[in-house]
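The values are calculated or read from the model by the stated rules, or taken from the named source; none is laboratory data. Keep in mind that this is a model prediction, so the values were computed, not measured. We place every Cβ from the backbone using ideal geometry, glycine too, and count neighbours over all the protein chains shown. SASA here: full protein model, heavy atoms, side chains in, ligands and nucleic acids out. Shrake-Rupley method; radii C 1.70, N 1.55, O 1.52, S 1.80 Å.
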Amino acid sequence: MKSQKKEALFWKTLPDGRIQCDLCPHSCILSENQRGICQTREVSQGKLYSLYYSQVASIGQVDPIEKKPLYHFRPGSKVLSFGSISCNLQCAHCQNYSLSQTYSDRMMISLTVDKILAMAKQSQCQGIAWTYNEPTIHFETYYDWSQVLQKHGFFIVWVSNGYIQPEPLKKIAPFLHAINFDVKAFTEEFYTRYTKSRLQPVLESCILAKNLQIPLEITYLVIPTLNDSIQEINAYLDWVEKNLGKDTPLHFSRFHPDNQLTHLPPTPREKILQIVELAKTRKFQYVYAGNLYPNPYEDTFCPSCSQILVKRSGYHVGEVNVSKEKKCKFCNSSVNVLI
Ligand code: SF4
(Lines give C-alpha, C1' and ligand atoms only; values in the text may rest on other atoms or scores of the structure.)
Protein backbone atom coordinates (compact mmCIF):
# COMPACT_ATOMS: atom_id res chain seq x y z
CA MET A 1 0.00 0.00 0.00
CA LYS A 2 1.43 3.37 -1.03
CA SER A 3 1.69 5.82 1.85
CA GLN A 4 -0.80 8.71 1.91
CA LYS A 5 0.71 12.06 2.83
CA LYS A 6 -0.74 15.09 4.56
CA GLU A 7 1.08 18.26 5.51
CA ALA A 8 2.10 17.82 9.12
CA LEU A 9 1.20 19.96 12.10
CA PHE A 10 3.90 21.25 14.47
CA TRP A 11 7.00 22.12 12.48
CA LYS A 12 9.03 25.17 11.54
CA THR A 13 11.65 26.23 9.01
CA LEU A 14 15.02 27.03 10.57
CA PRO A 15 17.21 29.93 9.34
CA ASP A 16 19.40 27.46 7.42
CA GLY A 17 16.37 26.16 5.51
CA ARG A 18 16.11 22.85 7.31
CA ILE A 19 12.85 21.77 8.97
CA GLN A 20 12.42 21.12 12.67
CA CYS A 21 9.60 18.84 13.82
CA ASP A 22 7.97 19.98 17.07
CA LEU A 23 5.69 17.01 17.62
CA CYS A 24 7.79 15.00 20.04
CA PRO A 25 10.77 15.82 22.25
CA HIS A 26 13.27 14.41 19.75
CA SER A 27 12.79 17.71 17.85
CA CYS A 28 14.28 16.19 14.70
CA ILE A 29 16.02 18.63 12.36
CA LEU A 30 15.56 17.39 8.80
CA SER A 31 16.83 18.16 5.31
CA GLU A 32 14.94 17.62 2.05
CA ASN A 33 13.68 14.02 1.64
CA GLN A 34 14.83 13.10 5.13
CA ARG A 35 12.56 11.27 7.60
CA GLY A 36 12.50 11.74 11.37
CA ILE A 37 13.49 9.15 13.93
CA CYS A 38 9.90 7.88 13.89
CA GLN A 39 10.13 7.22 10.11
CA THR A 40 6.59 8.56 9.68
CA ARG A 41 7.33 12.23 8.93
CA GLU A 42 9.30 13.41 5.94
CA VAL A 43 10.41 16.67 4.38
CA SER A 44 9.31 17.25 0.79
CA GLN A 45 9.74 20.53 -1.13
CA GLY A 46 10.41 22.47 2.04
CA LYS A 47 7.44 21.19 4.05
CA LEU A 48 7.04 18.45 6.64
CA TYR A 49 4.55 15.73 5.79
CA SER A 50 2.85 13.13 7.91
CA LEU A 51 3.17 9.86 6.03
CA TYR A 52 0.47 7.18 6.29
CA TYR A 53 -2.33 9.70 6.83
CA SER A 54 -5.67 7.89 7.34
CA GLN A 55 -3.94 4.54 7.31
CA VAL A 56 -3.71 1.90 10.03
CA ALA A 57 -1.99 -1.45 10.41
CA SER A 58 -4.20 -2.97 13.06
CA ILE A 59 -7.85 -2.60 12.36
CA GLY A 60 -10.80 -2.50 14.66
CA GLN A 61 -10.21 -5.07 17.37
CA VAL A 62 -12.85 -5.00 20.12
CA ASP A 63 -11.09 -4.86 23.50
CA PRO A 64 -12.27 -4.46 27.07
CA ILE A 65 -11.05 -1.06 28.25
CA GLU A 66 -9.32 -2.90 31.12
CA LYS A 67 -6.86 -4.32 28.58
CA LYS A 68 -5.32 -0.90 27.82
CA PRO A 69 -5.00 -0.90 30.93
CA LEU A 70 -7.59 1.65 32.04
CA TYR A 71 -9.36 0.66 35.26
CA HIS A 72 -10.81 3.99 36.37
CA PHE A 73 -12.56 5.21 33.24
CA ARG A 74 -15.88 3.64 32.18
CA PRO A 75 -15.10 0.20 33.69
CA GLY A 76 -16.59 -2.66 31.72
CA SER A 77 -16.88 -0.73 28.47
CA LYS A 78 -15.76 -2.01 25.07
CA VAL A 79 -13.36 -0.05 22.90
CA LEU A 80 -12.66 -0.46 19.21
CA SER A 81 -8.87 -0.43 18.99
CA PHE A 82 -6.65 0.74 16.17
CA GLY A 83 -2.89 0.83 15.76
CA SER A 84 -0.44 1.81 13.11
CA ILE A 85 3.27 1.28 12.45
CA SER A 86 6.54 2.56 13.90
CA CYS A 87 7.40 4.47 17.08
CA ASN A 88 9.42 7.45 18.24
CA LEU A 89 11.09 5.23 20.87
CA GLN A 90 13.14 2.10 20.22
CA CYS A 91 12.53 0.03 23.33
CA ALA A 92 14.74 -3.02 23.67
CA HIS A 93 11.88 -4.73 25.51
CA CYS A 94 9.04 -3.70 23.15
CA GLN A 95 6.28 -6.29 23.24
CA ASN A 96 4.66 -4.98 20.05
CA TYR A 97 7.79 -4.77 17.97
CA SER A 98 6.23 -6.32 14.86
CA LEU A 99 4.20 -3.10 14.61
CA SER A 100 6.69 -0.66 16.08
CA GLN A 101 10.08 -1.81 14.81
CA THR A 102 9.97 -4.58 12.19
CA TYR A 103 6.96 -3.35 10.19
CA SER A 104 6.61 -2.84 6.47
CA ASP A 105 4.56 -0.40 4.39
CA ARG A 106 2.62 -3.37 3.08
CA MET A 107 0.88 -3.69 6.46
CA MET A 108 -0.95 -0.40 5.97
CA ILE A 109 -4.66 -0.23 5.20
CA SER A 110 -6.53 2.94 4.23
CA LEU A 111 -9.48 3.76 6.42
CA THR A 112 -12.13 6.48 6.71
CA VAL A 113 -13.74 7.82 9.84
CA ASP A 114 -17.15 6.81 8.44
CA LYS A 115 -15.96 3.22 8.31
CA ILE A 116 -14.74 3.45 11.94
CA LEU A 117 -18.13 4.85 12.97
CA ALA A 118 -19.93 1.99 11.26
CA MET A 119 -17.62 -0.58 12.85
CA ALA A 120 -17.98 0.96 16.31
CA LYS A 121 -21.77 0.98 16.07
CA GLN A 122 -21.94 -2.54 14.73
CA SER A 123 -19.68 -3.91 17.47
CA GLN A 124 -21.54 -1.94 20.15
CA CYS A 125 -18.40 -0.27 21.43
CA GLN A 126 -18.68 2.80 23.63
CA GLY A 127 -15.24 4.15 22.80
CA ILE A 128 -12.26 4.10 20.47
CA ALA A 129 -8.63 3.46 21.45
CA TRP A 130 -5.53 4.70 19.61
CA THR A 131 -3.16 2.03 20.82
CA TYR A 132 -0.79 -0.87 19.93
CA ASN A 133 1.94 1.43 18.56
CA GLU A 134 2.65 5.06 19.50
CA PRO A 135 -0.31 7.23 18.44
CA THR A 136 1.64 10.51 18.75
CA ILE A 137 3.57 9.94 15.53
CA HIS A 138 0.30 9.68 13.55
CA PHE A 139 -1.07 12.79 15.23
CA GLU A 140 -2.81 14.30 12.18
CA THR A 141 -4.87 11.16 11.54
CA TYR A 142 -5.97 10.67 15.12
CA TYR A 143 -6.61 14.37 15.71
CA ASP A 144 -8.95 14.53 12.72
CA TRP A 145 -10.72 11.25 13.49
CA SER A 146 -11.09 11.91 17.24
CA GLN A 147 -13.06 15.10 16.64
CA VAL A 148 -15.61 13.32 14.43
CA LEU A 149 -15.89 10.28 16.68
CA GLN A 150 -16.46 12.43 19.76
CA LYS A 151 -19.23 14.31 17.96
CA HIS A 152 -20.95 10.96 17.41
CA GLY A 153 -20.86 10.14 21.12
CA PHE A 154 -17.82 7.89 21.35
CA PHE A 155 -15.14 8.44 23.95
CA ILE A 156 -11.47 8.33 22.90
CA VAL A 157 -8.61 6.78 24.85
CA TRP A 158 -4.91 7.35 24.15
CA VAL A 159 -2.39 4.64 25.05
CA SER A 160 1.03 6.16 24.74
CA ASN A 161 4.65 6.37 25.80
CA GLY A 162 4.05 10.02 26.75
CA TYR A 163 6.83 11.21 24.44
CA ILE A 164 4.96 14.20 23.05
CA GLN A 165 5.58 17.92 23.25
CA PRO A 166 3.19 20.07 25.31
CA GLU A 167 1.52 21.95 22.43
CA PRO A 168 0.35 18.82 20.55
CA LEU A 169 -0.94 17.29 23.79
CA LYS A 170 -2.85 20.48 24.56
CA LYS A 171 -4.28 20.54 21.03
CA ILE A 172 -5.67 17.01 21.12
CA ALA A 173 -6.67 17.12 24.83
CA PRO A 174 -10.28 18.30 24.22
CA PHE A 175 -10.86 15.10 22.24
CA LEU A 176 -9.21 12.65 24.64
CA HIS A 177 -11.28 11.21 27.48
CA ALA A 178 -8.64 9.04 29.22
CA ILE A 179 -4.93 8.40 28.85
CA ASN A 180 -2.61 5.59 29.84
CA PHE A 181 1.02 6.69 29.75
CA ASP A 182 3.95 4.34 30.27
CA VAL A 183 6.66 5.37 32.66
CA LYS A 184 9.20 2.77 31.61
CA ALA A 185 11.71 3.31 34.43
CA PHE A 186 12.69 6.10 36.74
CA THR A 187 16.24 6.81 35.56
CA GLU A 188 17.51 8.75 32.59
CA GLU A 189 20.13 6.01 32.13
CA PHE A 190 17.44 3.43 31.41
CA TYR A 191 15.61 5.72 28.99
CA THR A 192 18.82 6.55 27.11
CA ARG A 193 20.08 3.00 26.89
CA TYR A 194 16.91 0.96 26.44
CA THR A 195 14.46 3.35 24.75
CA LYS A 196 16.70 5.89 22.95
CA SER A 197 14.74 8.72 24.51
CA ARG A 198 14.52 10.70 27.77
CA LEU A 199 12.51 10.32 30.97
CA GLN A 200 11.97 14.00 31.83
CA PRO A 201 9.61 14.84 28.92
CA VAL A 202 7.46 11.80 29.81
CA LEU A 203 7.12 13.06 33.38
CA GLU A 204 6.19 16.50 32.04
CA SER A 205 3.49 14.92 29.86
CA CYS A 206 2.02 13.19 32.93
CA ILE A 207 1.85 16.51 34.78
CA LEU A 208 0.33 18.25 31.77
CA ALA A 209 -2.33 15.53 31.36
CA LYS A 210 -3.27 15.99 35.00
CA ASN A 211 -3.40 19.78 34.63
CA LEU A 212 -5.58 19.36 31.56
CA GLN A 213 -7.86 17.20 33.72
CA ILE A 214 -7.68 14.17 31.45
CA PRO A 215 -8.13 10.98 33.52
CA LEU A 216 -4.63 9.49 33.64
CA GLU A 217 -3.35 6.04 34.57
CA ILE A 218 0.30 5.04 34.47
CA THR A 219 1.84 1.70 33.61
CA TYR A 220 5.31 0.72 34.83
CA LEU A 221 6.66 -2.49 33.28
CA VAL A 222 8.92 -4.06 35.89
CA ILE A 223 11.99 -5.57 34.19
CA PRO A 224 14.29 -7.77 36.28
CA THR A 225 17.60 -6.05 37.16
CA LEU A 226 16.96 -3.03 34.89
CA ASN A 227 14.28 -0.95 36.64
CA ASP A 228 13.08 -3.07 39.57
CA SER A 229 15.16 -1.90 42.53
CA ILE A 230 13.13 -0.82 45.53
CA GLN A 231 15.17 2.37 45.60
CA GLU A 232 14.06 3.22 42.05
CA ILE A 233 10.43 2.29 42.74
CA ASN A 234 10.43 4.48 45.83
CA ALA A 235 11.87 7.39 43.83
CA TYR A 236 9.08 6.91 41.26
CA LEU A 237 6.43 6.81 43.98
CA ASP A 238 7.92 9.95 45.58
CA TRP A 239 7.58 11.71 42.24
CA VAL A 240 3.99 10.53 41.68
CA GLU A 241 3.00 11.58 45.20
CA LYS A 242 4.49 15.04 44.79
CA ASN A 243 3.36 15.76 41.22
CA LEU A 244 0.21 13.74 40.51
CA GLY A 245 -1.18 12.66 43.85
CA LYS A 246 -1.81 9.41 45.65
CA ASP A 247 -5.13 8.91 43.88
CA THR A 248 -3.39 8.31 40.54
CA PRO A 249 -4.12 4.76 39.32
CA LEU A 250 -0.79 2.91 39.05
CA HIS A 251 -0.24 -0.37 37.21
CA PHE A 252 2.89 -2.45 37.84
CA SER A 253 3.15 -5.05 35.09
CA ARG A 254 5.08 -8.22 34.72
CA PHE A 255 7.71 -8.35 31.96
CA HIS A 256 7.90 -11.27 29.52
CA PRO A 257 11.20 -11.75 27.66
CA ASP A 258 10.83 -10.25 24.20
CA ASN A 259 12.60 -8.45 21.37
CA GLN A 260 16.22 -7.72 22.42
CA LEU A 261 15.79 -8.72 26.08
CA THR A 262 15.12 -12.43 25.69
CA HIS A 263 18.11 -13.19 27.92
CA LEU A 264 16.24 -11.82 30.94
CA PRO A 265 13.77 -13.92 32.93
CA PRO A 266 10.11 -12.97 33.36
CA THR A 267 9.54 -10.73 36.37
CA PRO A 268 9.12 -12.97 39.42
CA ARG A 269 5.58 -12.91 40.74
CA GLU A 270 6.92 -12.06 44.21
CA LYS A 271 8.61 -8.92 42.88
CA ILE A 272 5.36 -7.54 41.46
CA LEU A 273 3.55 -8.35 44.70
CA GLN A 274 6.34 -6.71 46.72
CA ILE A 275 6.11 -3.50 44.68
CA VAL A 276 2.31 -3.31 44.80
CA GLU A 277 2.38 -3.90 48.55
CA LEU A 278 5.05 -1.24 48.98
CA ALA A 279 2.86 1.31 47.16
CA LYS A 280 -0.18 0.30 49.20
CA THR A 281 1.82 0.59 52.43
CA ARG A 282 2.74 4.09 51.32
CA LYS A 283 -1.03 4.80 51.03
CA PHE A 284 -1.29 5.03 47.29
CA GLN A 285 -5.00 4.49 46.78
CA TYR A 286 -5.29 2.61 43.50
CA VAL A 287 -2.44 0.20 42.77
CA TYR A 288 -2.68 -2.82 40.47
CA ALA A 289 -0.61 -5.77 39.36
CA GLY A 290 -0.59 -6.45 35.61
CA ASN A 291 0.09 -9.61 33.56
CA LEU A 292 -0.24 -11.70 36.72
CA TYR A 293 -2.48 -14.78 37.04
CA PRO A 294 -3.98 -15.32 39.52
CA ASN A 295 -3.95 -11.66 40.45
CA PRO A 296 -4.72 -10.59 44.02
CA TYR A 297 -4.47 -6.90 43.04
CA GLU A 298 -7.03 -6.29 40.32
CA ASP A 299 -10.03 -4.94 42.28
CA THR A 300 -10.57 -1.28 43.14
CA PHE A 301 -11.32 -0.44 46.77
CA CYS A 302 -12.79 2.69 48.30
CA PRO A 303 -9.94 4.59 49.98
CA SER A 304 -12.37 5.71 52.72
CA CYS A 305 -14.43 2.65 53.67
CA SER A 306 -12.38 -0.15 51.98
CA GLN A 307 -15.44 -1.67 50.27
CA ILE A 308 -15.05 -2.93 46.69
CA LEU A 309 -15.73 -0.18 44.16
CA VAL A 310 -15.00 -2.27 41.05
CA LYS A 311 -14.74 -6.06 41.11
CA ARG A 312 -12.61 -7.57 38.32
CA SER A 313 -11.60 -10.99 37.15
CA GLY A 314 -8.98 -10.62 34.45
CA TYR A 315 -10.57 -8.26 31.92
CA HIS A 316 -14.08 -9.08 33.12
CA VAL A 317 -15.79 -6.49 35.32
CA GLY A 318 -18.31 -7.65 37.91
CA GLU A 319 -19.99 -5.28 40.33
CA VAL A 320 -19.39 -1.51 40.09
CA ASN A 321 -20.23 0.39 43.24
CA VAL A 322 -19.61 3.94 42.07
CA SER A 323 -22.23 6.59 41.27
CA LYS A 324 -22.26 8.86 38.23
CA GLU A 325 -21.12 11.63 40.61
CA LYS A 326 -17.88 9.69 41.30
CA LYS A 327 -18.96 8.68 44.81
CA CYS A 328 -18.65 5.41 46.66
CA LYS A 329 -22.11 3.79 46.90
CA PHE A 330 -21.33 2.58 50.44
CA CYS A 331 -19.94 5.65 52.19
CA ASN A 332 -20.65 8.43 49.66
CA SER A 333 -17.07 9.69 49.67
CA SER A 334 -15.57 11.01 46.42
CA VAL A 335 -13.50 8.47 44.49
CA ASN A 336 -11.35 8.70 41.36
CA VAL A 337 -13.48 6.40 39.19
CA LEU A 338 -15.55 7.66 36.27
CA ILE A 339 -18.37 5.34 35.20
S1 SF4 B 1 7.52 12.99 15.72
FE2 SF4 B 1 9.07 11.91 14.50
S3 SF4 B 1 9.95 13.48 13.17
FE4 SF4 B 1 8.85 14.54 14.80
S5 SF4 B 1 10.40 14.97 16.37
FE6 SF4 B 1 9.44 13.01 16.92
S7 SF4 B 1 10.69 11.42 15.99
FE8 SF4 B 1 11.25 13.36 15.03
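Computed values, structure above
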item	result
For segment 79-84, Karplus couplings with θ = phi - 60° (6.51, -1.76, 1.60), whole Hz, Gly/Pro x	10, 7, 10, 10, x, 10
Rounded FRET efficiency, nearest 0.05, which uses the C-beta distance separating GLN307 from GLU189 and R0 of 45 Å	0.60
Cα-based radius of gyration of segment 84-229 once divided by 2.2 N^0.38 Å, which approximates compact folds	1.09
In degrees, nearest ten, helix 139-151 long axis to first principal axis of the chain (Cα)	60 degrees
Calculated FRET efficiency for the pair LYS283/ASN332, C-beta based, R₀ 30 Å, to 0.05	0.90
5 angstrom amide H check on ASP182, placed H, neighbours 5+ away	SER160, ASN161, GLY162, THR219
Order by protection proxy (mean Cβ within 10 Å, highest first), peptides 238-247, 303-312	303-312, 238-247
The chain, accessible surface, carbon-and-sulfur percent (1.4 angstrom probe)	50 percent
Mean-position separation - Cα centroids, segment 100-155 and segment 246-271, in angstrom	28 Å
Estimated 222 nm signal from helices in the chain, with DSSP H stretches of n ≥ 4 weighted -39500 (n - 2.57), rounded to 500	-6500 deg cm²/dmol
Three-way shape label, segment 6-50, alpha-carbon gyration tensor, a/c 1.5	rounded
For the chain, radius of gyration divided by Kirkwood radius, i.e. Rg to Rh on alpha-carbons	0.96
Local net charge near TYR293, Cβ-Cβ under 12 Å (Lys/Arg +1, Asp/Glu -1)	+1
Spin-label proximity, GLU319 to segment 42-69 - amide N less than 16 Å from point 7 Å beyond Cα toward beta carbon	none
Amide H contacts under 5 Å for ASN133, placed H, 5+ residues apart	SER84
Intensity falloff of segment 299-339 expressed as log10 I(q)/I(0), Debye formula with alpha-carbon point scatterers, at q = 0.18, 0.19 Å⁻¹	-0.41, -0.46
Neighbour net charge for THR267 - beta-carbon separation under 10 angstrom, K R +1, D E -1	+1
Extension gain (nm, one decimal) between THR102 and ASP299, 0.36 nm per residue minus Cα-Cα	67.3 nm
Qualifying GluC sites (Glu not before Pro) in segment 11-75, DSSP loop, other Cβ atoms within 10 Å at most 13	GLU32
In degrees, nearest ten, helix 230-243 long axis to first principal axis of the chain (Cα)	80 degrees
With Cα atoms, 0 to 90° folded angle of helix 200-211 axis to the chain main axis	70 degrees
Gain on full stretching of the segment that runs from GLU270 to GLN231 - 0.36 nm per residue minus C-alpha separation	12.4 nm
Rough spin-label spacing in nm, given labels placed 7 Å along Cα→Cβ, for SER31 and HIS256	4.4 nm
Solvent-accessible area per residue, Å², over segment 299-339 with all protein chains present [probe radius 1.4 Å]	56 Å²
Sequence of LEU292, LEU212 when ordered by accessible area, the most exposed leading, probe 1.4 angstrom	LEU212, LEU292
Estimated D of segment 78-158 in µm² per second, where Rh is the Kirkwood radius over Cα pairs and Stokes-Einstein applies at 25 °C, 0.890 mPa s	183 µm²/s
